[in-house]
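Only one structure is covered here, and it is reproduced in the block below.
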Amino acid sequence: MSAMVFIYGACVSISWPFIALFGVNELGISSSATAVLISAVAISGLAFSHIIGIYSDKIHDRRKALWVILACSIIGCLVLAFVRNYIIILLCCCTFLGVGAASFAQLFALAREQFEHDGLGEIDIRNNTLRGIFSLSWVFGPAIGAFVISTLGYAEVFVIAALGYVVLSVFVLFAKPVHGESSAEPKKLDNIRYDTKIYFNLVAFSIVSLALNIGTICLPLLVNKTHQLSEKILGLLMGATAFLEIPLMVGTAILAKKIEKFWLVLFGFLFFSVYGVLLYGAQNLTGLFVAQAVCAVGVAIIMGLGMSYCQELLPGRAGEGTTLFTNASLAGSVASGMVFAIAVTFISYQQIYLISAFLCLLSSGFFVLGRKKETLVDLAT
């Protein structure tokens, strides 16, 4: 599983960070048209991930769903590599990359099923270790992608990503099936009815994702325009954050054995709020690094334990539980571009981080409202 998560992270990190530059520099379209492409793929990914998350829990072998998803990712990358018509790219990416967006949730759902099937304990630590491996791929992936683009071109970077998905498909082929090769019958799951409080959790994770993505969009502009620092410094800041996330994810998972997961996740929301305030007040490079270190703590908690928290809301439905978390993150990502575009016309880059801090406080309030000790689902009889 570790190799599969790393390969997936590498495929995404060497290609997707450059999609905006690809649209403007390679396709020759406007920034607005590029934003439409990115938002459309995110929205289609939201829809496909939800459908696949429900369906994948009903089949006896999750690997089948993953093969279809990865095949779509391969096609989507090849379209980006060789097609230069905007409309065709828009339609194909919304279809194939939209389906491919379910890869993350399905890989982690497969991992959790394997942990539970094998009777392995400390699932939080194992989950967070995998999430740390995903972060590790982002330490090096963007730099490799930038090198490939500067020396070869955009087409080559998408071809490499497609080849990576091919390799990942082979790994999935040899992954151990959790429910056995012999069972051809789909799993029978009871109809599910969500407790209303689960929606408070979904809103909370969506809002904190919105805040985090607004900050991510704004960070390059804050570093380069406000603080007059180079792109190399920006890369160092982002790489250092990803690197710090790795040990922190393992550490927070260990803490989850001693402290109730609810409180740790709540602290994660509050760390993001502090992060926004620190970036608003940062006056120099040291201040930026301190803020990014705080951000790493928040990411380690929310992206690691937050996923486990959502999975536990839907016991026996690893795919749907993981998809609820990833779709909440996608929803925040979709909205972040529009919110940032509106906010930046009225306030400075630094002031945007005050909005981010407020949104994190708001999300923590929804998370508290959604607290419930027992599982937040009722199984229909």
If you go through Ile52, Ile19, the only one that is in contact with a helix residue (DSSP H, G or I) (Cβ under 8 Å, 6 or more places away or on another chain) and within 27 Å of Leu314 (Cα to Cα) is Ile52
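Please give the helices (runs of 4 or more DSSP H) falling wholly within the stretch 223-341 in which 1 or more residues are among the charged types (D, E, K, R), farther than 30 Å from Ser56 by Cβ and modelled with pLDDT under 85.
Numbers: elements: 231-255, 261-281, 285-300, 306-313.
In the stretch 223-341, 231-255 are the helices (runs of 4 or more DSSP H) which contain 1 or more residues that are among the charged types (D, E, K, R), farther than 30 Å from Ser56 by Cβ and modelled with pLDDT under 85.
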Could you tell me whether the stretch 88-105 includes any residue that is of a type in the set (Phe, Trp, Tyr) and surrounded by 18 or more Cβ atoms within 10 Å (Cβ to Cβ)? yes
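Listed here are the residues, each with its yes/no results for (1) in contact (Cβ under 8 Å) with a residue 60 or more places away in the chain; (2) under 15 Å from the mean Cα position of the chain (by Cα); (3) within 19 Å of Met238 (Cβ to Cβ).
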{"site": "Leu264", "(1), (2), (3)": "no, no, no"}
{"site": "Gln283", "(1), (2), (3)": "no, no, no"}
{"site": "Ala296", "(1), (2), (3)": "no, yes, yes"}
{"site": "Gly304", "(1), (2), (3)": "yes, yes, yes"}
{"site": "Cys310", "(1), (2), (3)": "yes, yes, no"}
{"site": "Thr322", "(1), (2), (3)": "yes, yes, no"}
{"site": "Ala331", "(1), (2), (3)": "yes, yes, no"}
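Yes/no per residue for (1) closer than 30 Å to Leu234 by Cα; (2) out of contact with any Cys (no Cβ under 7 Å at 6 or more places or on another chain):
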site	(1), (2)
Val99	no, no
Ala111	no, yes
Ala146	yes, yes
Ala162	yes, no
Val167	no, yes
Ala175	no, yes
The number of residues in the stretch 232-278 that are among the small types (Gly, Ala, Ser) and farther than 14 Å from Asn128 by Cβ is 6
Checked the stretch 1-34 for anything closer than 17 Å to Phe147 by Cβ, of a type in the set (Ser, Thr, Tyr) and under 14 Å from the mean Cα position of the chain (by Cα); matches are Ser13
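Looking at the stretch 130-138, is at least one residue more than 16 Å from Met1 (Cβ to Cβ) and not in a helix (DSSP H, G or I)? First the steps, then the outcome.
The first filter runs over the stretch 130-138 and keeps only residues more than 16 Å from Met1 (Cβ to Cβ), leaving 138.
In the following step, the residues that additionally are not in a helix (DSSP H, G or I) were identified as none.
There is no residue in the stretch 130-138 that is more than 16 Å from Met1 (Cβ to Cβ) and not in a helix (DSSP H, G or I).
The values are calculated or read from the model by the stated rules, or taken from the named source; none is laboratory data. Computed from a predicted model, the values in this text were never measured in an experiment. Backbone-built Cβ (ideal geometry, glycine too); neighbour counts: all protein chains shown.
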